[in-house]
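The values are calculated or read from the model by the stated rules, or taken from the named source; none is laboratory data. In this text, all values refer to a predicted model and were calculated from it rather than measured experimentally. Note that each Cβ is placed from the backbone with ideal geometry, even for glycine, and that neighbours are counted across all protein chains shown. Only protein heavy atoms, including side chains, enter the accessible area calculation; ligands, DNA and RNA are left aside. Shrake-Rupley method; radii C 1.70, N 1.55, O 1.52, S 1.80 Å.
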Amino acid sequence: MYARRRRRYFALMGLCLALFVGAWAFVRLWSVPLAIAMCVVAMAIPPVAAVVANRREPDDRWWDE
């Protein structure tokens, strides 16, 4: 269960990093407004990743804490 959460978190953070790097390495050469939009989307991903990583699933044993 924790491995699944960790995979989701790292997938979202990898997407965030890819958007940010891709925006300023490649996309800015064609469209600066699109690069800025990609960075805004990348900025919104880390809070969502934190919520996804900390969300308890039905099979979690939360009552043992």
Give the longest segment of the chain that steers clear of chymotrypsin sites (Phe, Trp or Tyr not before Pro) in DSSP loops with at most 11 neighbouring Cβ atoms within 10 Å, not counting the sites themselves. 31-65
Here the FRET efficiency for Leu17 versus Asp59, based on Cβ atoms and R0 = 30 Å and rounded to 0.05, is 0.50
In whole Hz and in residue order, list the ³J(HN,Hα) couplings for region 29-44 that follow from phi through the Karplus curve 6.51 cos²θ - 1.76 cosθ + 1.60, θ = phi - 60°; x for Gly and Pro. 5, 9, 8, 5, x, 5, 5, 5, 4, 5, 5, 5, 5, 5, 5, 7
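Using only helices, what value at 222 nm comes out for the chain when you add -39,500 (n - 2.57) per DSSP H run of length 4 or more and divide by the total residues, to the nearest 500 deg cm²/dmol? Don't skip to the answer; put the middle values down first.
Values: 2 runs with 47 residues, N = 65.
Theoretical 222 nm ellipticity from helices: -25500 deg cm²/dmol.
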I'd like the FRET efficiency for Arg8 and Val41, computed as 1/(1 + (r/R0)^6) with the beta carbon distance as r and R0 of 22 Å, rounded to 0.05. 0.80
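What accessible area per residue comes out for the chain, rounded to a whole number of Å², with a 1.4 Å probe?
On a per-residue basis, the chain sits at 76 Å².
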Counting other Cβ atoms within 10 Å of each Cβ, which trypsin sites (Lys or Arg not before Pro) in region 1-63 have at most 16 and sit in a DSSP loop? Arg55, Arg56, Arg61
Percent carbon-and-sulfur accessible area, the chain, ignoring ligands, DNA and RNA, probe 1.4 Å: 71 percent
Contact order relative to length of the chain, as percent, for alpha carbon pairs under 8 angstrom and 6 or more apart: 44 percent
